[in-house]
Structure formats: structure tokens, C-alpha cells
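J.: The structure that follows is given in the form of C-alpha cells.
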Amino acid sequence: MLLRKVVLFGGKGGTGKSTLACAVALRLSSLGKTLLVSLDPAHSISGILGIEPAPHLREVHEDLWVLELDAKREAEEYTQRVLRLMEELVAPQVIKALKKMAGYIASSPTALETASMHKLAQLLPHYSYVVLDFAPTGQLLRWVSSLTYLDEWFRFILTLASEKERVDRFMGRKADLVNALEERKKEVAFLLETLKSRGVLFAVANRDPLSLQEAETLLKEVQFLPVYVVINKVEGEVLRESLTVPYVEAPYGLEGLGKVSVEDILRIVAV
């Protein structure tokens, strides 16, 4: 596997975390094939990079690939697939009710997080560096917690599905639900182990109490990978006990992003 590092950016909205994600991804692309993914429903990385929206994976600079992930669309496709596979597992009236609720199921937080995990598990092995830009703190915490408890959830569902599979084998019928669930369970396990071994989270804050408080929350709550607080948009005296990024006027487009000083972050990432 090519992958060296998975870099996560989180923190309070407005701190410049998406700008840092773009600047770091741009710099990492000079070291190897790099993927920048926006997991924020209010995507901003295309605007920061000065490119057209990127709902589909595409190369925007040499060895820099960008994707603004539509987790809702991914979740809808997966929900429909699972419902088709469940048609012989539960009563017809239950399936009918579930199909009516499919839109709500696909829009639920867990479904959206699981859909994004599915896509990332497919993409990670093909890049040297992967940079993930999350929505503000709450979404990142929910995504991380979902990743850790989904393994147990899949164990429970697979137990139920396996009982149905035994009946299908006895009746000479083919059942694909267990295989589909096993596939998703393996993806979640792969993603969790990859983040544990190659992941790092930068909690971005400014010099204000609220953003610093949210950064401290990430530092406290995220336990399975290293977390560093980064003070962004620093003007005047630089606090060397912290990772800092000086303020840059209009750091947009490839040229503007090249002016963002992310050396403190690269010293941790580019090893």
C-alpha cells in the first residue's frame, strides 16, 4: 500500500481549517500522490483552491487529487442496495415500511458517516497522503465515535443475517446480504486500523476562547490517534510552545495557498 499518512483537520468553523487542509495537501503533493477530501456538507475546498466544484474525483494539480464527497448520495445508493438484499430476510410489510423510510435512513448521521467511510476505504490504498477536511467539531466527533462502535453493530447484524443464510443454504437459495455486510465490516475495520497506525488529527483554533475550547475537546475526546492543536492566523508574537500558522492575506488559489506557512504541520506529517 502506498499510504504513508492520513491527515485529519477539525475544529471550530471559521478558524481556517479548510484553508490549512488545502495548503498542506498542496505541499504534500510535491512528495507523493495526494488526495484531498472534503467531508463537510458545506464544501469549501474548491472555492479555496480556485477550481470548479469537485463532486467527482479529479486531479487539479500534479499529484493532487480532490473530491468533495457527497455522503448523502453514497448513503442512498448503499441503503437501496441493502434493502434489496433484505427482501427475503424480513416480512414484506417491514420492507415496504423501510422503503418508505429509505430517504430518512440515508440522511441519518450514522448512514452518512458509514457512507463516507466506505468511500474512503476504497480510496486510501491508492495514495501516499490523504488529507481529510471535516465540518466543525461536532461532525468530526460523531464520525470518530461511529467508526469505533460500528464494528460491534456489524457483529450484531451479521449474527442475524447468518441465521437467514443457514436457512437459504438448506433451501438451496443464494443470499448476498451476509457478503455485503461482511464487506462493509472489513472496510470499517481497515479504516480504523489505518487511522490508528498512520493517522494524525490537527485541531485548528485561533486565539479566542471558543475555538481553543473546541480544540481542547478534540484533544480530550479523540483517543486512538495523535492530536495536535494548531493556532492559525497568528499575528504578532509567535508562541513556540504551540503549532502555529502566521496570518496570510487572501490565501486562495494555488498561488495564494503556497504562501501559507505550514512548516510546523509538515514536520509532523512528512516523515
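The values are calculated or read from the model by the stated rules, or taken from the named source; none is laboratory data. Quick caveat, the model's predicted, so the values are computed rather than measured. Ideal geometry is used to build each Cβ from the backbone, glycine not excepted, and the neighbour counts take in all protein chains shown.
J.: Given the conditions (1) outside any loop (DSSP other than H, G, I, E, B); (2) farther than 13 Å from Leu201 by Cβ, which single one is not true for Val260?
T.: Tallying (1) outside any loop (DSSP other than H, G, I, E, B); (2) farther than 13 Å from Leu201 by Cβ, Val260 fails exactly one: (1).
J.: Does Leu141 satisfy being assigned to a helix (DSSP H, G or I) and modelled with pLDDT of 80 or more?
T.: yes
J.: Pull up the stretch 16-41, narrow it to residues that are closer than 17 Å to Gly253 by Cα and assigned to a loop (DSSP other than H, G, I, E, B), then point me to the one that is farthest from the chain's Cα centre (by Cα).
T.: Ser30
J.: Does Val245 qualify as being assigned to a strand (DSSP E or B), touching a Pro at 6+ places or on another chain (Cβ under 7 Å) and of a type outside the set (Lys, Arg)?
T.: Numbers: assigned to a strand (DSSP E or B): yes; touching a Pro at 6+ places or on another chain (Cβ under 7 Å): no; of a type outside the set (Lys, Arg): yes.
No: the conditions fail for Val245.
J.: Starting from the stretch 42-55, keep only residues that are under 14 Å from Leu254 (Cβ atoms), then list their pairs with residues that are of a type in the set (A, V, I, L, M, F, W, C) and in a loop (DSSP other than H, G, I, E, B) whose Cβ atoms are within a distance under 7 Å, requiring at least 6 positions of separation or different chains.
T.: Ser46/Ala54
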